[in-house]
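S.K.: One structure, pasted below without further comment.
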Amino acid sequence: MSKPLDHASTVTRAEVEDLFYHEADLLDAWRLDDWLGLLTEDASYYVPPNDKPDGDHRFTLFTVADDIVRLRERIIRLKDPNCHAEYPPSHTRRMISNVRITGVEDGLIAVAANFAIFRFRRHEQAPRQFVGRYRYKLKQTDAGLKIHERRAILDAEELGPMGAVSFLL
């Protein structure tokens, strides 16, 4: 049952966790088109530098700063067998923890969580580990909670040893 649009503050942590666990499952299963269905039509996806996690992508160099159009294009490329960075696709396993609703502003629900992503690639001996924190802005819609903004802030000081971030964090 969806909640009224003007009652974003009544969303529970359990509802947010369900969304995050569903999102992690879709991404781990490489169901990228289904993952796009969790986003609002004006969604943004950011991977900021870890020294400026709250930076503005217009004035700071981000690893990823995609709007919904670029996200759709990214998904098309990731699914293409000619995308050598992700063909065959990486196997990932996401662990989400410490989910907290941190506020409500202008109808958007601010949420924080921690993540650990283990990425397995063919021909690589050891998995690569990506650890950090998420900052989301969620929107309550008639279809349920949707992701308006997703920020993946890596704890690593350098990306070099971790390899390319060609998949969705």
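S.K.: Using the Cα atoms of the range 33-102, I'd like the radius of gyration and the largest Cα-Cα distance, Dmax, both in angstrom.
M.R.: 14.4, 41
S.K.: Helix 68-79 versus the longest principal axis of the chain: what angle, 0 to 90°, nearest 10, using Cα atoms?
M.R.: Tilt of helix 68-79: around 40 degrees.
S.K.: Could I ask something else about it? Please state, as a whole number in µm²/s, the translational diffusion coefficient that the Stokes-Einstein equation yields for the chain at 37 °C and 0.692 mPa s, with Rh defined as the Kirkwood radius across alpha carbon pairs.
M.R.: Answer from the Stokes-Einstein relation: 197 µm²/s.
S.K.: How large a share of the accessible area of the range 73-169, in percent, is made up of carbon and sulfur atoms when the probe is 1.4 Å and the other protein chains stay in place?
M.R.: Reported share for carbon and sulfur atoms: 50 percent.
S.K.: Once you treat every alpha carbon in the range 95-135 as an equal point and sum by Debye, what is log10 I(q)/I(0) at q = 0.16, 0.18, 0.21, 0.22 Å⁻¹?
M.R.: Treating every Cα as an identical point scatterer, log10 I(q)/I(0) equals -0.53, -0.60, -0.69, -0.72.
S.K.: Any idea how many Lys pairs in the chain come in under 17 angstrom at the alpha carbon, given 8 or more places apart or on separate chains?
M.R.: Count of close lysine pairs: 4.
S.K.: Could I ask something else about it? Amide H neighbours of residue 43 under 5 Å, counting only residues 5+ apart in sequence or on other chains, H built in-plane at 1.01 Å?
M.R.: 68
S.K.: If you don't mind, another one. Quick check of the Kirkwood formula: for the range 71-146, what is the inverse mean of 1/r over all pairs of different Cα atoms, in Å?
M.R.: Radius from the Kirkwood sum: 15.0 Å.
S.K.: On a 0 to 90° scale, report how tilted helix 13-28 is relative to the longest principal axis of the chain, with both axes built from alpha carbons and the result rounded to the nearest 10.
M.R.: Result, in degrees: 30.
S.K.: Taking Cα pairs under 8 Å and at least six residues apart, what relative contact order does the chain come out at, in percent?
M.R.: 26
The values are calculated or read from the model by the stated rules, or taken from the named source; none is laboratory data. Keep in mind that this is a model prediction, so the values were computed, not measured. For accessibility, only protein heavy atoms count, side chains too; no ligands or nucleic acids. Shrake-Rupley method; radii C 1.70, N 1.55, O 1.52, S 1.80 Å.
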